[in-house]
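The values are calculated or read from the model by the stated rules, or taken from the named source; none is laboratory data. Computed from a prediction, not measured in an experiment: that's the story for all the values here. Don't worry about glycine lacking a Cβ; one is built from the backbone with ideal geometry, like all the others, and counts go over all protein chains shown. Surface areas here come from the heavy atoms of the whole protein model, side chains and all, with no ligands, DNA or RNA. Shrake-Rupley method; radii C 1.70, N 1.55, O 1.52, S 1.80 Å.
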Amino acid sequence: MKVVRDRDEARWLPSRHHFALTKLVAMIAMKRTTHRDSSLKRIYAIERDQSTLENYSIAIWLYLTGTAYLLAVTPKVTWILVPWIAGFAVHAPCFLIGVIANRFGAVDNRKLNGISTMVLFLIASSWFATTDSPVAIVAWLFLGIVALNAIAAVVMWMLRGTAAAMERRCVA
Amino acid sequence: MTRRAWWQRFLVKGVFWRQLLRWAVLNIPAWLEPVVIAWWASFFLLWGPGRRGVMVNLTAIKAGSWAFTNFFRTYRVFWNYAWTITDNARYRELQILPDWEFDGFENFEHMEHREGGAIILTAHMGSYDLGAQLFSETSERKIIMVRAPEVDPDTRAYEQSLHERDAERYRIAFNTSAGELALDLLTSVRNGEVVAIQGDRVTTGISPYATTLFGRPMLLPAGPFALAMTARVPIYPVFVVRRGRRRYRLVARQPIEVVRRGRNRDEDIGIAVAQWTEQLESVIGEWWFQWFTFEPYAEEAA
């Protein structure tokens, strides 16, 4: 795996991000980042899931969305347990899909589970978006962010040359 | 040989949880990990002895602290532990390294460029496994990690099978018997190799040195200090601290010289142990949420 030594701007390399929307934000942030002098030596790993901001944002967003959906379908008496149950429910499908994929000989199923989780959230959001309850706002927000990411993917495709040049400058 | 009951694999130190961790690293998308780890860290708070052990240790580290506050601090310890073992498993399975920062790089370089072997003394903090892997990739010296074997026989066999895969990069020696290992390590240090030892826990069969940590009795292994004295090599205190998601800091402190000054060998070792405990107190005091000692250290010493 590639690493970059002592270059702070490497934190924002698009290749350290997973989703198009965050890649785009990272590209802008990278242009604005200046090198800071520090007594600390640093090694940055170039890996697509390395961004803390991106991963925490998505995890919290999915958790809150999942919690809102569970609150919408469970009776009020169980609400105190919902935040804890939601934590498990959000990743429970990964167990099921992962075990089935293992049966067919697949070992690394992160991508499959990632797509499956997003598809499940899309299906749930499409359904909740049609309801009259306040959870429809959460569902529309989810669909809106997905749409924004799709637009960002097109923009990133158009900027692919610039992104590659930034990568070359930093990783070389 | 007696056959083990099927349910023993599900005990907290059983092999099931190691296998589940490996499986999760290969199946859970990275952007879902914060939720997964938060949930499983809360699940493991049900582990009474571990929770109690951390809470008791916290009362020593944070004198005068409340049990109520320490309960939430214990969650933070479990949370950090979960991230650390996940990062370690990720490296093993997918060769994905975290970001690294080096603090006290000059001490690290001093160790790297000096002639002869060296001893790295570390603690159960952050990811010492990841630290060893980083060392093996950045250094030309061979590293030997000394660690306590797993209590559960299935877990021990599982861990050993994983370590065999890494045998080319670094070697792991299990400190089951002080006498057998001591000669082996002495030869290695004299051959210019680096021996990394966890210096904050004593296991059965290892000679202890009684001291105090945060004002409470503590047993530290005497072996690293005796080895340094015999081989005439310095001890480098090195700590691997988790700084955030997939981000670690390698803290290398100034070396401790274990010099034979007089006839009383224990007294000379005591001077070095005092320097080490001072380092331990400063590091654990700052990063208490990453000291992964799940047994009350003072009760063990008693």
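In the range B:282-297, the count of residues that are open to solvent by 50 Å² or more (accessible area, probe 1.4 Å), farther than 13 Å from B:D200 by Cβ and touching a residue at least 12 places away in the same chain (Cβ under 8 Å) is zero. Restricting attention to the range B:42-60, the residues being within 14 Å of another protein chain (Cβ to nearest Cβ) and not in a helix (DSSP H, G or I) number 2.
Within the range A:121-134, residues that are open to solvent by less than 40 Å² (accessible area, probe 1.4 Å) sit with their Cβ atoms under 6 Å from residues that are β-branched (V, I, T), at 6+ positions apart or across chains, in these pairs: A:F128/A:V135. Within the range A:12-42, work out how many residues are within 14 Å of chain B (Cβ to nearest Cβ), closer than 24 Å to B:Y91 by Cβ and either crowded, with 21+ Cβ neighbours inside 10 Å or modelled with pLDDT of 90 or more (or both). So the count comes out to 8.
When B:R90 is tested against (1) within 10 Å of chain A (Cβ to nearest Cβ); (2) touching an Asp or Glu at 6+ places or on another chain (Cβ under 6 Å); (3) buried (at least 21 other Cβ atoms within 10 Å of the Cβ), only condition (2) is not met.
Of the numbered criteria (1) surrounded by 19 or more Cβ atoms within 10 Å (Cβ to Cβ); (2) modelled with pLDDT of 90 or more, the one B:N175 fails is (2).
Within the range A:103-117, the set of residues being surrounded by fewer than 17 Cβ atoms within 10 Å (Cβ to Cβ) and within 25 Å of A:D49 (Cα to Cα) comprises A:G105, A:A106, A:V107, A:D108, A:K111, A:I115.
Okay, residues lined up against (1) more than 8 Å from every other protein chain (Cβ to nearest Cβ); (2) open to solvent by 20 Å² or more (accessible area, probe 1.4 Å); (3) in contact with a helix residue (DSSP H, G or I) (Cβ under 8 Å, 6 or more places away or on another chain); (4) under 15 Å from A:A10 (Cα atoms):
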| site | (1), (2), (3), (4) |
| --- | --- |
| A:L53 | yes, yes, yes, yes |
| A:G66 | yes, no, yes, no |
| A:T74 | yes, yes, yes, no |
| A:W79 | yes, yes, yes, no |
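Restricting the range B:43-56 to residues that are of a type in the set (G, A, S) and under 28 Å from A:I85 (Cβ atoms), the residue that is least open to solvent (accessible area, probe 1.4 Å) is B:G50. Looking only at residues of the range B:57-75 that are closer than 13 Å to B:A298 by Cβ and open to solvent by less than 40 Å² (accessible area, probe 1.4 Å), we find that the one that is farthest from the chain's Cα centre (by Cα) is B:A60. Only a single item in (1) of a type in the set (A, V, I, L, M, F, W, C); (2) at the interface with another protein chain (Cβ under 10 Å from one of its Cβ atoms); (3) assigned to a helix (DSSP H, G or I) is not met by A:F128, and it is number (2).
Could you check, for the range A:92-102, whether at least one of its residues is open to solvent by less than 20 Å² (accessible area, probe 1.4 Å), in a helix (DSSP H, G or I), more than 9 Å from chain B (Cβ to nearest Cβ) and not small (G, A, S)? No, every residue in the range A:92-102 fails to be open to solvent by less than 20 Å² (accessible area, probe 1.4 Å), in a helix (DSSP H, G or I), more than 9 Å from chain B (Cβ to nearest Cβ) and not small (G, A, S). Out of all the residues in the range B:67-80, is one or more small (G, A, S), within 14 Å of chain A (Cβ to nearest Cβ) and either assigned to a helix (DSSP H, G or I) or within 17 Å of B:A41 (Cα to Cα) (or both)? Within the range B:67-80, not a single residue is small (G, A, S), within 14 Å of chain A (Cβ to nearest Cβ) and either assigned to a helix (DSSP H, G or I) or within 17 Å of B:A41 (Cα to Cα) (or both).
Number of residues in the range B:108-133 that are within 12 Å of another protein chain (Cβ to nearest Cβ) and buried (at least 19 other Cβ atoms within 10 Å of the Cβ) equals 2.
The condition of being in contact with an Asp or Glu (Cβ under 9 Å, 6 or more places away or on another chain), more than 14 Å from every other protein chain (Cβ to nearest Cβ) and either assigned to a loop (DSSP other than H, G, I, E, B) or loosely packed, with under 14 Cβ neighbours inside 10 Å (or both) does not hold for B:R9. Restricting B:W39, B:W31, B:W23 to those that are part of a helix (DSSP H, G or I), open to solvent by 40 Å² or more (accessible area, probe 1.4 Å), within 13 Å of another protein chain (Cβ to nearest Cβ) and at pLDDT 95 or above reduces the list to B:W23.
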